[in-house]
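One structure is given below, encoded as structure tokens.
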Amino acid sequence: MSLMRTFFLALSRSRSLRAMAVGFGPARSMARRFVAGEKLEEAIAAVQTLNEQGLLATLDHLGENIASETEARDATTEIIDLLEAIEVSGVSSGVSIKLTQLGLDLSPALAAENAARIVGRAAQAGRFVRIDMESHEYVQPALDLFEELWGWYKNVGVVIQSYLYRSADDVARLVDLGAPVRLVKGAYDEPPEVAHPEKDETDASFIRLLEQLFSDRARANGVFPAVATHDAKLTDWVKDYARCQGIPPDRFEFQMLYGIRAGLQRQLVAEGYQVRAYVPYGEQWYPYFMRRLAERPANVLFLLRNLLSV
């Protein structure tokens, strides 16, 4: 499975395959399982449906590793347009952003300026912004930028990846700040020098980090954990741990990806838990789609069945 994961993650970085996939109708249709559409209106409609099922959302206008300042500023404007559409429609959703989409590869100052515009606009609308975490070389710049924003705004959060060795120290710092943290396993192809190479090690790290995020100190500092997993064993662990520690369901939330484990999402809502779906949309869907295929064998089987039916 590690070879399959590496294969699909390598495909996610291929510009030639991206160009081919974007023009290939069946691939676009298959991606719709995981992506809410290419247009803003489609994304808002998808969130409205989720809200009707009792789910919250965070919308992500797809895109990363832009190559020019103009592209970075255009992406920032598009995300601000998204915030305005959320406000007008009244859907229950925040937004998620990637700093490389806002120009981090070009200049940390440019990314900080663009992120501050987005977070400031979101604050005016009473909406939350989550800074997504990308591959390991971006972790420290992202945390530095988050901490800068946190000094001015409290409607912003960040993501920690349990497969990285450094994450326990990062969580300790974020707990001290009282910051909102989304905990994920991680979806990039990382070297063993920086990340746990085996799934069971990543899962064990996930639980240790959750214990930090649910600690007495974290609760005293107002940390609001977002537990991002599709693993029913881990969601059961969280429910049992929270119950034993006397942590009420409104002091944390589960987060899952749009189009994955929808039944589990609805089950958790029915049990009284807050669940937020991560809803991506936009024309730059190819890298995201490939990472979803890399994560689970069932996603690859889904792809193959659709290819054979073409």
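The values are calculated or read from the model by the stated rules, or taken from the named source; none is laboratory data. Since we're looking at a predicted model, the values are computed, not measured. All Cβ positions, glycine included, derive from the backbone under ideal geometry; neighbour counts span all protein chains shown. For the accessible areas, the whole protein counts, side chains as well, though only heavy atoms, and no ligand, DNA or RNA atoms are used. Shrake-Rupley method; radii C 1.70, N 1.55, O 1.52, S 1.80 Å.
Here are the numbers for the structure shown:
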{"item": "Hits in segment 127-142 (condition: open to solvent by 20 Å² or more (accessible area, probe 1.4 Å) and either under 18 Å from residue 178 (Cβ atoms) or in contact with a strand residue (DSSP E or B) (Cβ under 9 Å, 6 or more places away or on another chain) (or both))", "result": "127, 128, 136"}
{"item": "Filter pass, residue 75 being more than 17 Å from the chain's Cα centre (by Cα) and either more than 22 Å from residue 117 (Cα to Cα) or modelled with pLDDT under 90 (or both)", "result": "no"}
{"item": "Per-region count, segment 104-126, residues crowded, with 18+ Cβ neighbours inside 10 Å and of a type in the set (Lys, Arg)", "result": "1"}
{"item": "Selection count, segment 202-244, where residues are of a type in the set (Asp, Glu) and closer than 14 Å to residue 161 by Cα", "result": "1"}
{"item": "Residue count, segment 181-214 (criterion: at pLDDT 95 or above and either open to solvent by less than 20 Å² (accessible area, probe 1.4 Å) or small (Gly, Ala, Ser) (or both))", "result": "12"}
{"item": "Residue identified as aliphatic (A, V, I, L, M) and either touching a Leu at 6+ places or on another chain (Cβ under 6 Å) or open to solvent by less than 20 Å² (accessible area, probe 1.4 Å) (or both) among 45, 72", "result": "72"}
{"item": "Residues (part of a loop (DSSP other than H, G, I, E, B) and either touching a Leu at 6+ places or on another chain (Cβ under 8 Å) or within 19 Å of residue 273 (Cα to Cα) (or both)) located in segment 197-228", "result": "214, 221, 222, 223, 224"}
{"item": "Neighbours by Cβ (under 6 Å, 6+ apart or cross-chain): first from segment 243-260, of a type in the set (D, E, K, R); second surrounded by 15 or more Cβ atoms within 10 Å (Cβ to Cβ) and not in a loop (DSSP other than H, G, I, E, B)", "result": "253/226; 253/276"}
{"item": "In segment 260-291, the residues that are on the phi > 0 side of the Ramachandran plot and either in a helix (DSSP H, G or I) or surrounded by fewer than 20 Cβ atoms within 10 Å (Cβ to Cβ) (or both)", "result": "261, 272"}
{"item": "Flag if residue 158 is buried (at least 19 other Cβ atoms within 10 Å of the Cβ) and in contact with a helix residue (DSSP H, G or I) (Cβ under 6 Å, 6 or more places away or on another chain)", "result": "yes"}
{"item": "Which listed residue is among the aromatic types (Phe, Trp, Tyr), at pLDDT 95 or above and within 30 Å of residue 77 (Cβ to Cβ), from 278, 288, 273", "result": "278"}
{"item": "Filtered residues of segment 30-58 (kept if small (Gly, Ala, Ser) and free of Cβ contacts under 8 Å to residues at least 12 places away in the same chain)", "result": "45"}
{"item": "Inter-residue pairs, beta-carbon under 7 Å, first more than 17 Å from residue 39 (Cα to Cα) and in segment 59-80, second hydrophobic (A, V, I, L, M, F, W, C) and modelled with pLDDT of 95 or more, 6+ apart", "result": "66/72; 66/75; 69/106; 69/110; 72/102; 72/106; 72/110"}
